[in-house]
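These notes concern the structure reproduced below.
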Amino acid sequence: MNVADYDKALYYTHRSQWDNLLILMVRTQDDLLSKRIEHFLHAYQFNRNDADVEKCLYGLLQYIDHASEAAASEVYSQPMYT
């Protein structure tokens, strides 16, 4: 898990930098993050129902929160010296 990808996704979403979010979608190794970004960008671009766009956005943000917490706990649970 790459914590930087989750930070970037959150930053790009907050700043409405859709081009950078699209590039992150292609480059990230996290398939679930990539799929969540894809669903959100598709809903944002093509869906006229704001509730659907909001649902996809919240799904993306919830995944970012969950994955970044899991990645952080993984980093902190490893011993410093081996």
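Under 9 Å between Cβ atoms, at least 6 apart or on separate chains: pull out the pairs that start in the range 1-21 with a residue that is assigned to a loop (DSSP other than H, G, I, E, B) and end on any residue that is of a type in the set (A, V, I, L, M, F, W, C).
From the range 1-21, the pairs are 1/67; 1/70; 1/71; 1/75; 2/71.
Please pick out the residue among 24, 32 that is surrounded by 11 or more Cβ atoms within 10 Å (Cβ to Cβ), touching a residue at least 24 places away in the same chain (Cβ under 8 Å) and either at negative phi or touching a Ser or Thr at 6+ places or on another chain (Cβ under 9 Å) (or both).
32
Among the β-branched types (Val, Ile, Thr) and at pLDDT below 95: which single residue out of 53, 75 fits that description?
Just a single option satisfies the conditions, and that option is 75.
Please identify the pairs in which a residue from the range 65-82 that is over 12 Å from residue 7 (Cβ atoms) has its Cβ atom under 7 Å from the Cβ atom of a residue that is at pLDDT below 80, counting only partners at least 6 apart or on another chain.
70/1; 74/1
The values are calculated or read from the model by the stated rules, or taken from the named source; none is laboratory data. None of the values given here were measured: they were computed from a predicted structure. In this analysis, Cβ positions are derived from the backbone assuming ideal geometry, glycine residues included, and neighbour counts consider all displayed protein chains.
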